[in-house]
Amino acid sequence: MAAPATVVEVKGRELAIPFDCPCCGATPDTEVAVPLARASRSRAANSAMAIDFPYCRACVAHVTRWESGRIMLTGLKG
């Protein structure tokens, strides 16, 4: 069974993103691009394809390890 996904719906043309790592609260030193859903992008030709969220490198590393492990586990189940 797949883990539930977090869905964030943003309406409007402005978005304020706090300048801290959403995982641990540290001062960010990199970014993670989060793709926007197709339904959101299809409404306007000049829509963004993704939003860059500030993260710290340590959290990006552990999230990357988690995601790659989850992909490998899914392949083993099939």
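The numbers here are math on the coordinates, done by the rules we state, and not lab data. It should be emphasised that the depicted structure is a prediction, and the values quoted were computed from it without experimental measurement.
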(request) List the residues whose amide H sits under 5 Å from the amide H of TYR55, counting only those 5 or more places along or on another chain, with H placed 1.01 Å from N in the peptide plane. (result) ASP29, THR30, GLU31, VAL32
(request) Work out how much length GLU14 to ALA50 would gain on full extension: take 0.36 nm times their residue separation and subtract the Cα-Cα distance, in nm to one decimal. (result) 11.6 nm
(request) For THR64 and ALA26, compute 0.36 nm times the residue count separating them, minus their Cα-Cα distance, and round to one decimal in nm. (result) 11.9 nm
